[in-house]
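Please treat every number below as a calculation from the coordinates, not as lab data. Computed from a predicted structure; not experimentally measured. Every residue, glycine among them, receives a Cβ derived from its backbone with ideal geometry; neighbour counts consider all protein chains shown.
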Ligand code: GLN
């Protein structure tokens, strides 16, 4: 813990951490030492793990990257945080992220990183002029720069897989409902899922085994599927594994250098005895409009709780209750969050609900069906995580659509609720990391981790 705390401080220019609490971390580390001495060590005993600041934690501020929650202290821990602590993990600190996890570049955080007086971008350690990806940008950077051995992230539309890919680390989003959402500050509840990000599939398996499992009293969407030992099958042979290659993931928009790295990884799989099977996910393109209707719709509802009454920011000067709501929300939310609240409110409003929201829900079902058709011919699906490597800070300027379009390959699995992961696959022309995306059928995390481990 001391080693990683020192590294976190020495490299605070990367902007990865938004909160450290050395006293709390070292007290937890000492308790872990005592359990090791007593012979009662858990599977992660003493391992320092930092959490994306979407998970609420006691002893550290919980902000979701928003001014709305600046300095907010939660009276309880998220279930994922509790489960990791139960396995012996020591909380190292809280990690920067896009405000309420809305973003693809970690350029939307409104919170000042440790060592800064005002919000500053999170920087990719491979090239500090580039974005780390998002929304779990701080998480990916902490692992890539070795500021933490492993971290938590959340993935609503790609926020674990894409930053893992951009920073050259490994991350997995389990099947929707595998990990409890209790204490994960909500963005889009039907899509939000927690997962680990680490240096290898082996490390991710260890964390995932601790994080998963039913939480019926606290998250009604957590599934009644027992936690698994995800490390058990890591070394299994992948001889004869059928890997589906979706034609739609290799079209025009894919940068040639990303394609080359992905192709090279697929060749490795062939050498290991796997078989590449051409498949089709015909509605891949539609996943962008569908996601950017459903996610904002759910966000507009979830974020209505930030009204200045119960917790978080409250405007100072107001005339009456409605004025207080308005000013609080105008001051507390950043541009991207306001944009989503407006889109969400619009698509849910009378007269537009059928045309947009309901239509999007129908196509979401078709996207899930397309995957089931594909899984008749293959055991897992592989392709790129994102069309390009990490872009330059500010490159997308004020064009949110440029960010949205870059989510094309991660959104389909999110909409279908399928497990997906990113595994390092090499480097692009610019020397930036490229991730290979692996998508499995429901509850096939062990198979994904096995395939990822064999590549590493
Ligand atoms: N980039 C997507 C968005 O902005 C996904 C974010 C996420 O997975 N949290 O909504």
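Assorted remarks:
- Förster radius 35 Å - calculated FRET efficiency between residue 359 and residue 229 (Cβ-Cβ, nearest 0.05): 0.25
- Of all DSSP beta bridges in the chain, antiparallel share, percent nearest 5: 70 percent
- Only Cα pairs under 8 Å and 6+ residues apart enter the sum, and on that basis the relative contact order of the stretch 2-211 stands at 22 percent.
- Theoretical gain in end-to-end length, residue 277 to residue 335 [0.36 nm per residue, Cα-Cα removed]: 16.6 nm
- Fewest-first sequence of 173, 327 by Cβ atoms within 10 Å of each Cβ: 327, 173
- Set the Cα radius of gyration of the stretch 1-143 against 2.2 N^0.38 Å, with N its number of residues, and you get 1.03.
- Spin-label pair residue 45/residue 301, simplified geometry with 7 Å Cα→Cβ offset, distance in nm: 4.5 nm
- Residue order, fewest to most surrounding Cβ atoms within 10 angstrom, among 291, 357: 357, 291
- Beta bridges assigned by DSSP with both partners in the stretch 2-211 are antiparallel in approximately 70 percent of cases.
- Estimated distance in nm for a label pair at residue 322 and residue 402, the labels positioned 7 Å out from Cα along Cα-to-Cβ: 4.0 nm
- Label-zone membership for the stretch 314-344, site residue 70, 7 angstrom Cα→C-beta point, backbone N under 16 Å: 314-317, 327-335
- Shape analysis of the stretch 173-293 yields a ratio of the Cα radius of gyration to the Kirkwood radius, Rg/Rh, of 1.02.
- Neighbour-count order for 68, 432, 366, fewest beta carbons within 10 angstrom listed first: 366, 432, 68
- Calculated diffusion of the chain, Stokes-Einstein form, Kirkwood radius summed over Cα pairs, 4 °C and 1.567 mPa s, µm²/s: 60 µm²/s
- When only alpha carbons are used to place a centre, the stretch 366-413 and the stretch 26-65 end up 33 Å from one another.
- Using the Cβ-Cβ distance between residue 456 and residue 9 with R0 = 41 Å, the FRET efficiency computed as 1/(1 + (r/R0)^6) comes to roughly 0.85.
- Size descriptor, Kirkwood hydrodynamic radius, that averages inverse alpha-carbon separations across the stretch 252-400, Å: 19.3 Å
- Quotient of Cα Rg and 2.2 N^0.38 Å for the stretch 352-456, N being how many residues it contains: 1.25
- If the convex hull is drawn through the Cα atoms of the stretch 99-183, its volume per residue in Å³: 100 Å³
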